[in-house]
Amino acid sequence: MVGKTTLLEAIAGKNRGLLATEQDKQAILMAIAQLEERNPTPRPVEAGEFLDGDWRLLYTTSKGLLNIDQLPLFKLGQIYQSIRVATTSVYNIAEVYGIPFLEGMVAVAARFEPLSERRVQVKFERSILGLQRLVGYNKSPKDFIGQIEAGKKFAAVDFRLDNREQQGWLDITYLDRDLRIGRGNEGSVYVLSKV
């Protein structure tokens, strides 16, 4: 699909948005809007077979995520979002790198509730911040999420979130077998590929 190729070429080399100039951002947002107009899945919230799984962030305008890279001595690694349709669960995992043997990670567990055929309400429930080696994170979200779902307490900063205050919504504006685009309540755009 030409629109998909155009978008992937536009975001290539932009380090999820960290290296995007204002001109790059405008071109990327235009490519996103063109692709959204050709969304092959008109009811993405109901397309569990496409939605379910582990997704890697390719591009975002989210300052909350991109600002992790601004911490002294640390660089933002891969960011994953894992969706488990059967349990209406969402897991966001950001890898953080810097000093050798002190590679970190930030994870947030949430529940989602469909509000329409393309919008979900997200309620954050748990946050985990720690060193990858101490929490048993092995560069893959799947095993780590299994531990979270089993109720494991980690050797990390691991705490419950009051989901009345920690919530937002997300519109899924494009979805196919291997690409997903979303727009959040704070105006951020997310482009993810299936892992």
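The values are calculated or read from the model by the stated rules, or taken from the named source; none is laboratory data. Everything numeric here is computed off the predicted structure, so don't read it as measured data. Please note: Cβ atoms are built from the backbone with ideal geometry, for glycine as well, and neighbour counts cover all protein chains shown. These area figures cover heavy atoms from the full protein model, side chains too; ligands, DNA and RNA do not enter into them. Shrake-Rupley method; radii C 1.70, N 1.55, O 1.52, S 1.80 Å.
Some points to look at:
- Under the condition of being open to solvent by 70 Å² or more (accessible area, probe 1.4 Å) and either more than 16 Å from Asn92 (Cβ to Cβ) or in contact (Cβ under 8 Å) with a residue 60 or more places away in the chain (or both), the residues counted in segment 165-182 number 3.
- Residue match in segment 157-164 (condition: free of Cβ contacts under 8 Å to residues at least 60 places away in the same chain, loosely packed, with under 13 Cβ neighbours inside 10 Å, among the hydrophobic types (A, V, I, L, M, F, W, C) and not in a strand (DSSP E or B)): no
- Checking Arg84, Arg56 one by one, the residue that is closer than 21 Å to Leu170 by Cα and open to solvent by 50 Å² or more (accessible area, probe 1.4 Å) is Arg56 and no other.
Here is a yes/no grid of residues against (1) at pLDDT 95 or above; (2) part of a strand (DSSP E or B); (3) of a type outside the set (D, E, K, R):
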| residue | (1), (2), (3) |
| --- | --- |
| Tyr59 | yes, yes, yes |
| Leu65 | no, no, yes |
| Val90 | yes, yes, yes |
| Ala109 | no, yes, yes |
| Phe112 | yes, yes, yes |
| Arg133 | no, no, no |
| Lys142 | no, no, no |
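- The lone exception for Leu8 - which of (1) under 29 Å from Ala107 (Cα atoms); (2) open to solvent by less than 60 Å² (accessible area, probe 1.4 Å); (3) assigned to a helix (DSSP H, G or I); (4) of a type outside the set (Val, Ile, Thr) it fails: (2)
- Residue selected from segment 165-195 under the condition at pLDDT 90 or above, of a type in the set (S, T, N, Q) and in a strand (DSSP E or B), by the criterion farthest from Val45 (Cα to Cα): Ser193
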